[in-house]
Amino acid sequence: MSTSLRRWRWVPVVVVAAVALAACGGGSGDDSASGGAKKITFWLSTAAQIQGYTDLAKDFEAKEGIKVEVVNQPYDGYQDKLRQSAQANSLPDVASVPSLDTIWINKLQDLSATSNNDANKIRKDLVTEQDGKVLAIPSDLTAAGLFINKSLFTKAGVPFPTDPAKTWTWDEFLAAATKVRTATKAKYDLVYDNSAARIRGFIYNNGGKGFQLGDDGKYQKPDDATIAALTKFKAMNDDKVMPKSVWTSGADPNALFKSGQVVAYYSGVWQVPDFADGITGFEWASVPTPGPVQATDINLGGKVVAFNNDKTASAAKKWVDFLFQKDNYTKLAQSNGYLSVESGLALKYPFKSPAALAAFDLYNKEIELADPISASGQAAGTKLILEGKAVQDDPTKPEMAKFINGEQDVQKTVDNIVNGLNSQLS
């Protein structure tokens, strides 16, 4: 299932902290003087959240004498590149991945020592564990949420909530957004990320259970509240409340919101660093996610894994352990703008933007209040991977596009989604 979200974007390959190794990475050889690896590779894919890793790589080299080559891979093809590297026995030493893969899951090292270290205070419910071994530790959390053009709300004189414990409903939000749009002559009430993960948030907010795995390991037909939520979502795509082009023809909701002509944008926390630097024409704000159900879509921003690459295996585990030591992870989370996977940290994010600082405070509060269903999507994907199964192509987006275009009804849409998911699990 999709896990990471829009922060995993098209980016050029960036190699930092070392001269590039051969294209597919892997291994570093022995340093006869120290008896250990002198260089390891660390792969990830990110649009902007990399500085924390490059800074820690320098600290790690200074402390351990091991150079970390940080390689920022383009998201498009990243999973395929890992697969090809596994087949060629040329995997990187450590990687932050959007999801695990059945083709290389048996090549992972056990990270229990790092995960179970009480000093790290890593949330145990977030790690990927199998047969008593910790296979992956998330780098960070992501959560979906709502942004508004605060300038338009102010101009229209329309109030909005700021406390997640006293949020508005979707009906209340849409009524307010329409008032703002008509008063300010904005173009749309809302743009909404074209993502299966984000539509889960809308379903949960509106009381539906969505597409859940059953005890038989198959996705079940959704409940009536889910069908009602999807019907409501289609009705919102009327080129007034929302532009149909985002979900039917690939228009960029981020760019539309940044244009200043849209009242609100449903996306997620990964947008905050971008908005802090990239929006200068108006004031923006992160606001509580509408209800009536207090829910979001909680995902893992990346899963840190260490591969068992013979001579570099020990150094790889040492690098992972270094990343999650309390002081180091604090630096990483602050620099990269992460929602923490470690409890009890006093994070001071480096944003100058008051809106960005307020956004992180709000997201942390929303995660605390969120219904447990909020994390069920990513949990289901992990469960399948551990069973040797995976959904490679989520049919939600194309089937919802057909529904919004009027090519099929809601029942045909949900049937196709369920059948499309289950067809990949046989």
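Each peptide in 356-362, 130-136 receives the mean, over its residues, of other Cβ atoms within 10 Å, and ordering these scores from highest gives 356-362, 130-136.
Would you mind calculating the gained length between ALA119 and LYS397 on full extension (0.36 nm times residue separation, minus the Cα-Cα distance), in nm to one decimal?
Values: separation 278, 0.36 × 278 = 100.08 nm, distance 4.18 nm.
In short, 95.9 nm is gained.
Expressed in Å, the radius of gyration and Dmax of the Cα atoms of region 27-116 are 14.1, 40.
Counting Lys and Arg as +1 and Asp and Glu as -1, each charge on the Cβ, what is the dipole of region 267-329 about the Cα centre in debye, to the nearest 20?
Working: 5 positive and 7 negative charges, 88 e Å.
That gives a dipole near 420 debye.
Ignoring lysines fewer than eight residues from LYS58 along the same chain, the ones with Cα atoms less than 20 angstrom from its Cα are LYS38, LYS39, LYS67, LYS317, LYS318, LYS326, LYS331. Across region 402-414, computed HN-Hα scalar couplings (Karplus, 6.51 cos²θ - 1.76 cosθ + 1.60, θ = phi - 60°) run 5, 5, 5, 6, x, 7, 7, 8, 5, 5, 4, 5, 5 Hz from first to last residue, x flagging Gly and Pro. Taking a straight line from the alpha carbon of LYS209, these aspartates and glutamates sit under 15 Å away, with near neighbours fewer than eight places off in the same chain left out: ASP223, ASP224, ASP297, ASP371. Semi-axis lengths, largest first, of the ellipsoid equivalent to region 103-170 are 43, 14, 10 Å, with √(5λ) applied to each eigenvalue of the Cα gyration tensor. 3J(HN,Hα) along region 264-281: 8, 9, 9, 8, x, 4, 5, 6, 4, x, 5, 5, 4, 9, x, 10, 10, x Hz, from the Karplus curve 6.51 cos²θ - 1.76 cosθ + 1.60 with θ = phi - 60°, whole Hz, x for Gly and Pro.
Rounded, prolate or oblate: which fits region 265-306 when a ≥ b ≥ c are the square roots of the eigenvalues of the alpha-carbon gyration tensor, with rounded for a/c under 1.5 and prolate only if a/b beats b/c?
On the way: a/c = 4.50, a/b = 1.18, b/c = 3.83.
In terms of gyration-tensor shape, oblate.
Just checking the listed ones, PRO159, PRO398, PRO138: in the Gaussian network model of the chain with Cα springs under 10 Å, the one fluctuating most is PRO159.
Principal-axis analysis of the Cα atoms of the chain puts helix 354-369 at an angle of about 90° to the longest axis.
Roughly what percent of Cα-Cα pairs across region 63-135 reach past 21 Å?
Numbers: 1047 of 2628 pairs.
Tail of the P(r) past 21 Å holds 40 percent of the pairs.
Roughly how far apart, in whole Å, are the Cα centres of region 163-199 and region 308-367? About 31 Å separates the Cα centre of region 163-199 from the one of region 308-367. If only the Cβ of Lys and Arg carry +1 and only the Cβ of Asp and Glu carry -1, the dipole of the chain around its Cα centre is close to 780 debye. Of all lysines in the structure, those lying under 17 Å Cα to Cα from LYS150, and not within fewer than 8 positions of it along the same chain, are LYS179, LYS185, LYS187, LYS258.
Using only alpha-carbon positions in region 326-426, the gyration tensor eigenvalues give semi-axes of 37, 19, 12 Å once each is multiplied by 5 and square-rooted (largest first).
Just check region 261-412 against the gyration tensor rule for me: Cα atoms, a ≥ b ≥ c as the square roots of the eigenvalues, rounded for a/c under 1.5, and otherwise prolate or oblate depending on whether a/b exceeds b/c. Because a/c hits 1.5 or more and a/b fails to exceed b/c, region 261-412 counts as oblate. The modelled label-to-label distance for the pair LYS232/GLU64, using points 7 Å beyond Cα in the direction of Cβ, is 4.9 nm. With point charges of +1 on the Cβ of Lys and Arg and -1 on the Cβ of Asp and Glu, referenced to the Cα centre of the chain, which listed residue (LEU386, SER96, THR184) lies farthest in the positive direction of the dipole? Checking the options against the dipole of the chain, the answer is THR184. Dividing the convex hull volume of the alpha carbon atoms of region 151-196 by its residue count gives 96 Å³ per residue. For region 159-240, the percent of C-alpha pairs falling in each 5 Å distance bin, counted from 0 to the bin holding the largest distance, reads 3, 13, 18, 22, 19, 12, 7, 4, 2, 1, 0. Using 10 Å bins from zero, what percent of all Cα-Cα pairs in region 205-264 falls into each bin? Taking all Cα pairs of region 205-264, the binned fractions are 20, 34, 30, 14, 2 percent.
Filter the trypsin sites (Lys or Arg not before Pro) in region 310-343 to those in DSSP coil with at most 12 other Cβ atoms within 10 Å of their Cβ, and list the result. Sites meeting the loop and neighbour criteria: none at all. 3J(HN,Hα) along region 45-57, derived from phi through the Karplus expression 6.51 cos²θ - 1.76 cosθ + 1.60 where θ = phi - 60°, amounts to 9, 7, 7, 8, 8, 10, 4, x, 5, 5, 5, 5, 4 Hz, with x in place of Gly and Pro.
Where the eigenvalues come from the Cα gyration tensor of region 192-231, what are the semi-axes √(5λ) of the equivalent ellipsoid, largest first, in whole Å?
Values: eigenvalues 68, 30, 10 Å².
Square roots of five times the eigenvalues give 18, 12, 7 Å.
Projected onto their three principal axes, the Cα atoms of region 230-329 cover extents of 59, 34, 30 Å, largest first.
For region 152-196, the dipole from Cβ point charges (+1 on Lys and Arg, -1 on Asp and Glu) about the Cα centre works out to 300 debye, to the nearest 20.
With R₀ fixed at 51 Å, the C-beta to C-beta distance from LEU347 to GLN411 puts the FRET efficiency at about 0.65.
Every number in this text was worked out from the coordinates using simple rules, so none of it is lab data. Because the structure is predicted, anything quoted here is derived from the model rather than measured. Don't worry about glycine lacking a Cβ; one is built from the backbone with ideal geometry, like all the others, and counts go over all protein chains shown.
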